1. Out of the trypsin sites (Lys or Arg not before Pro) in the chain, which ones are loop residues according to DSSP with at most 16 other C-beta atoms within 10 Å?
2. Over the range 1-41, what per residue volume does the convex hull of the Cα atoms give, in whole Å³?
3. Measure off, as a whole percent, the carbon and sulfur share of the 1.4 Å-probe accessible area of the chain, all protein chains present.
4. Compute the orientation-averaged projected area for the chain from the convex hull of its Cα atoms and round it to one decimal in nm².
5. If exposed means no more than 14 neighbouring beta carbons inside 10 Å and the site is in a DSSP loop, what's the longest run of the chain without any exposed chymotrypsin sites (Phe, Trp or Tyr not before Pro)?
6. What does the accessible area of THR21 come to, in Å² to the nearest 10, when a probe of 1.4 Å is used?
7. Could you give the longest part of the chain that holds none of the GluC sites (Glu not before Pro) found in DSSP loops with at most 12 neighbouring Cβ atoms within 10 Å?
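The values are calculated or read from the model by the stated rules, or taken from the named source; none is laboratory data. Not measured: the values here are computed from a predicted model. As a convention, Cβ positions derive from the backbone with ideal geometry for all residues, glycine included, and neighbour counts pool all protein chains shown. Each accessible area value is taken on the protein alone, full model and side chains, heavy atoms only, with ligands, DNA and RNA left out. Shrake-Rupley method; radii C 1.70, N 1.55, O 1.52, S 1.80 Å.
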Amino acid sequence: LPALFKKELQNTEAEEGGTVTLRCELTKPKAPVEWRKGDTTLYPGFKYEMKQQGSCAELVIYDLELDDS
């Protein structure tokens, strides 16, 4: 069975230049997660950090810009 969202992402407000953490909870621990913005797949680097512990997945976005909304 595919992994489903147990707790979906919530809208978050942050200031330009700041950092934000987006979290979701899945029904299966360690299920593969692909973070996307529209059709673009996000990859770890200076701008994005991906974390996953058990069934919780996080995306940290650094140096926020208006385009990150």
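1. Those that pass, being in a loop and sparsely packed, are LYS30, LYS47.
2. 102
3. 50
4. 4.8
5. It runs 1-45.
6. Around 50 Å² of this residue is reachable by solvent.
7. 35-64
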